Each structure stands twice: as C-alpha cells, then as structure tokens.
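Let me begin by presenting the structure, written as structure tokens, before commenting on it.
The values are calculated or read from the model by the stated rules, or taken from the named source; none is laboratory data. Treat the numbers as computed from the prediction; the structure is a model and nothing was measured. Cβ placement follows ideal geometry from the backbone for every residue including glycine, while neighbour counts extend to all protein chains displayed.
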Amino acid sequence: MKDHMTLSGSVPDIRLGMLTPSSNSALEPLTQALLTPVADRVSAHFARFRVTQIALGDASDLQFRQEPILAAAELLADARPAVIAWNGTSASWLGFDRDEALCAEITGRTGLPATSAILELNLWLKQRGIRRLGLVTPYTADVQARIIANYARIGIEIVTETHAGLTDNFAFSTLPEEQIARMCRDVAAGVEALAIVCTNMRGAMVASAVEAQTGVPVLDSVAVTLWGCLTRLGIPTGPLAQFGSVFTLPRPQPA
C-alpha cells in the first residue's frame, strides 16, 4: 500500500497567480473547475487583500488602493506564477486606467506580466468589435450607472442591464446560478454579447447554457480572466470551450 496520496499523476508546470478580494468565495472554486480540462498542465494560486463592501464613495474606494494589492502580489510571486491577474472588476466603475496603472506596478514590483479581469474583458470586446452589450451585476444602481458611463466612453453601449442591488461583497456569491441565468436571459435581446461583471458571482457554470438558449456570447468575469491568462501564455483554450464561447476566441497577435 502506498504511504501517501497524490492529486494526479503529474505536476503542472504552468502556474497562474490570481489576486482576489478577501470576501470572495466564488472565484477560486470556479477557476479550478474551469481549469479541469488542462489541470495536468496548469494550476491556479491565489492571494487576498481586504475587500468587504462595494459602493461608491471613499470608504469603498480605499479598499482598492494600490499598496495592499501590491503587497499581496509580491507574496503571490513567491509561488513563481507565469502571470499575475487582478481577478476583480473594480476598474469597471473606478476607471479602466486604474487597472492599467496597477498592472504596470505589479510588473514593476515582481518582474512578472500582469493583467486584470476588466482589461481582458475589454480586449475580448474590442477583438470581436462588440458595440452593444448587455450587463449583469450584483451591484447597486449607482455603481451600475458608473459602469455604463465608463463603457460609453470607449464606444460600447450598455443596451440592457440588470443588477441585484447588493453591497456586501460576500453576499454576491450567494446568488443562485438559476437567478444569474435568468438575469442573463432578461438582458439578451438586442445585444451582441452579455457581460457578467463580478468575479464573486457564479456565472461561469451557466454561461454555456445561456448561450445555447439565447444565441448570445456570455462573458463571465472569472472565465474571461482565465481566458486572458491562458492565451497570454500561448496555452490553447479550445479544451475549455464546453464552458462557453469566451474560450473559442484566439488572442490577437502583437503588432
């Protein structure tokens, strides 16, 4: 009898680093589930910094100041990931430039390439030429309005939207998958794609079914972040296509 147990017969040689809000309980299990088809090659590793409430105003904004995130990134770098992703969506309401600056600082501190959920979502939208978007979030109406305004500034119209009206970040993860699927179906008319903007919302596992029902691509934040990390590293995402069309788009080649 063996005196120890192993998780698999091989050790993945590619590690992804993920930064997540402290109260997020959906991101890690969803990411691990999405990675199942390539788990022999790729593993995901996580670091946290404190985020508990999502709202407009200084108290909420201060949760996303750079220093705590950079400290978490430096610790995560000890696991020697090939890339570090800020797996959160705060730049959708705080401004896309926040993530551009943060990722540059992460690379400066760690020497590793860095990206974010929102930067990868925006790249996917740009590559597909999406101009009419449906928006699904757990947030309040004022946060939703700020997201809509930020996308308007880059030429993307939020044609339809729905939001759960929540501020407690932990509570986002308690929304049932059936409710999330229904929210997606409610905003599917007249759009070129649907975006589930929140990495603590359990949308990744309903995306494929919603796409089959509506014929509209579903861009879940957890899924699109993983797409971004994998394609940055040249790892084919076709094996993950069972989880939705987000994984069928190749990454654009550098100019």
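Taking Ala195 and the conditions (1) of a type outside the set (Phe, Trp, Tyr); (2) buried (at least 19 other Cβ atoms within 10 Å of the Cβ); (3) farther than 18 Å from Asn122 by Cβ, which numbered condition does it fall short on, given that it satisfies the others?
(3)
Among residues belonging to segment 233-255 that are of a type in the set (S, T, N, Q) and outside any helix (DSSP H, G or I), point out the one that is surrounded by the most Cβ atoms within 10 Å (Cβ to Cβ).
Taking the candidates together, the pick is Thr237.
Which ones in segment 86-135 are closer than 27 Å to Cys184 by Cα, over 12 Å from the mean Cα position of the chain (by Cα) and part of a loop (DSSP other than H, G, I, E, B)?
Matches in segment 86-135: Gly95, Gly129, Ile130, Arg131.
Checking the conditions here, which among Leu94, Leu112, Leu75, Leu70 is at pLDDT 95 or above, on the phi < 0 side of the Ramachandran plot, in contact with a Pro (Cβ under 8 Å, 6 or more places away or on another chain) and in the same structural domain as Leu19 (by TED's automatic domain parsing)?
Just a single option satisfies the conditions, and that option is Leu112.
Examine segment 107-114 for a residue that is surrounded by fewer than 21 Cβ atoms within 10 Å (Cβ to Cβ) and touching a Phe, Trp or Tyr at 6+ places or on another chain (Cβ under 8 Å), and state whether such a residue exists.
no
Please count how many residues of segment 198-227 are of a type in the set (Gly, Ala, Ser) and surrounded by fewer than 24 Cβ atoms within 10 Å (Cβ to Cβ).
Within segment 198-227, the subset of a type in the set (Gly, Ala, Ser) is 203-204, 207-209, 212, 215, 221, 223.
Retained after the next criterion (residues that are surrounded by fewer than 24 Cβ atoms within 10 Å (Cβ to Cβ)): 208-209, 212, 215.
Total satisfying the criteria: 4.
So, in segment 64-81, of the ones that are in a helix (DSSP H, G or I) and without any contact (Cβ under 8 Å) to a residue 24 or more places away in the chain, which residue ends up surrounded by the most Cβ atoms within 10 Å (Cβ to Cβ)?
Once the filter is applied, the top-ranked residue is Pro68.
In the list Arg80, Arg41, Arg15, which residue meets the criterion of being under 23 Å from Trp227 (Cβ atoms) and out of contact with any Pro (no Cβ under 9 Å at 6 or more places or on another chain)? Explain how you work it out, then say what you get.
On the way: Arg41 fails: out of contact with any Pro (no Cβ under 9 Å at 6 or more places or on another chain); Arg15 fails: out of contact with any Pro (no Cβ under 9 Å at 6 or more places or on another chain).
Arg80 is the lone residue from the list that is under 23 Å from Trp227 (Cβ atoms) and out of contact with any Pro (no Cβ under 9 Å at 6 or more places or on another chain).
Just to be sure, is Leu230 under 20 Å from Ala85 (Cα atoms) and in a helix (DSSP H, G or I)?
Yes, satisfied.
Out of the residues in segment 44-63 meeting the condition of being hydrophobic (A, V, I, L, M, F, W, C) and part of a helix (DSSP H, G or I), tell me which one is farthest from Thr231 (Cα to Cα).
Ala59
Within segment 152-177, can you find the residues that are over 24 Å from Ser22 (Cβ atoms) and without any contact (Cβ under 8 Å) to a residue 24 or more places away in the chain? Spell out the reasoning first.
Of the residues in segment 152-177, the ones over 24 Å from Ser22 (Cβ atoms) are 152-162.
The answer is Ala152, Arg153.
Given the structure, is Ala101 at pLDDT below 95 and farther than 30 Å from Thr160 by Cβ?
When the stated conditions are applied, Ala101 does not pass them.
Specify which of the listed residues (Ala204, Ala193) is among the hydrophobic types (A, V, I, L, M, F, W, C), assigned by TED's automatic domain parsing to the domain that holds Ile158 and more than 22 Å from Leu16 (Cα to Cα).
Ala193
List every residue pair whose Cβ atoms lie under 6 Å apart, where the two residues are 6 or more positions apart in sequence or sit on different chains, the first residue falls within segment 243-255 and is aliphatic (A, V, I, L, M), and the second residue, located anywhere, is modelled with pLDDT of 90 or more and surrounded by 17 or more Cβ atoms within 10 Å (Cβ to Cβ).
Val246/Leu219; Val246/Ala223; Val246/Val224; Val246/Trp227
Among all residue pairs at least 6 apart or on different chains, which show Cβ distances below 6 Å where the first residue, located in segment 136-149, is surrounded by fewer than 16 Cβ atoms within 10 Å (Cβ to Cβ) and the second is modelled with pLDDT under 95 and not charged (D, E, K, R)?
Note: pairs meeting the criteria are Asp142/Leu56.
Taking the condition of being part of a helix (DSSP H, G or I), farther than 19 Å from Gly244 by Cβ and in contact with a Lys or Arg (Cβ under 6 Å, 6 or more places away or on another chain), how many residues in segment 146-198 meet it?
The number of residues fulfilling the criteria is 0.
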